[in-house]
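S.K.: Dumping the structure here so I can ask a few things about it.
The values are calculated or read from the model by the stated rules, or taken from the named source; none is laboratory data. Nothing here was measured: the structure is a model prediction, and the numbers come from that model. Neighbour counts are summed over all protein chains in view; Cβ atoms, including those assigned to glycine, are modelled from backbone coordinates with ideal geometry. With ligands, DNA and RNA removed, areas are computed over all heavy atoms of the protein, side chains included. Shrake-Rupley method; radii C 1.70, N 1.55, O 1.52, S 1.80 Å.
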Amino acid sequence: MTHTEQFLLETQEIAKLIDSTQIEKMVGELKALRERGGRLFLVGLGGSAANCSHAVSDFRRLCGIEAQTPADNVAELTAAANDEGWPWAFTEWLKRKYLTGSDALMVLSVGGGRTL
């Protein structure tokens, strides 16, 4: 079996494990967020930070949901990490956004991270 064939076979097996009802539930939550005028905040590190930045654009443009991520201001994010440490960088950024009960937070992680 070639590398490509193996990759595609594994991709199919992983796709079979995805619970479509959970995806539909998340879609419903996002629709409700838009309807109540809430904002979506996305956080992630490394490649997930890049995915957050891209997702912000898609949520705004394609879904009509106001979305933000600290990854879009690297200077602010790294200053907070330098001053407060990475465990607090996102927390402090979110505090400055004056979250309300109408808002939502989405955390993107490829590997699941580690416990601090």
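S.K.: So Leu40 ticks every box in (1) in a helix (DSSP H, G or I); (2) open to solvent by less than 90 Å² (accessible area, probe 1.4 Å) but one. Which box is left unticked?
M.R.: Failing condition for Leu40: (1).
S.K.: Under 7 Å by Cβ, and 6 or more places apart or on different chains, what pairs join a residue from region 52-81 that is at negative phi and surrounded by 14 or more Cβ atoms within 10 Å (Cβ to Cβ) with one that is outside any helix (DSSP H, G or I) and acidic (Asp, Glu)?
M.R.: Taking only residues 6 or more apart or on different chains, the pairs are Arg60/Glu66.
S.K.: With the requirement that a residue be among the basic types (Lys, Arg) and farther than 23 Å from Ser102 by Cα, what does region 13-53 give you?
M.R.: Passing the criteria: only Lys16.
S.K.: Take the residues in region 73-96 that are over 15 Å from Ala49 (Cα atoms) and not in a helix (DSSP H, G or I); name whichever of them is nearest to the chain's Cα centre (by Cα).
M.R.: Selected residue: Arg96.
S.K.: While we're here: Of the residues in region 67-116, how many are over 20 Å from Val56 (Cβ atoms) and of a type in the set (Ser, Thr, Tyr)?
M.R.: Count: 1.
S.K.: Report, by residue number, each residue of region 20-48 that is more than 17 Å from Asn73 (Cβ to Cβ) and hydrophobic (A, V, I, L, M, F, W, C).
M.R.: Ile23, Met26, Val27, Leu30, Ala32, Leu33
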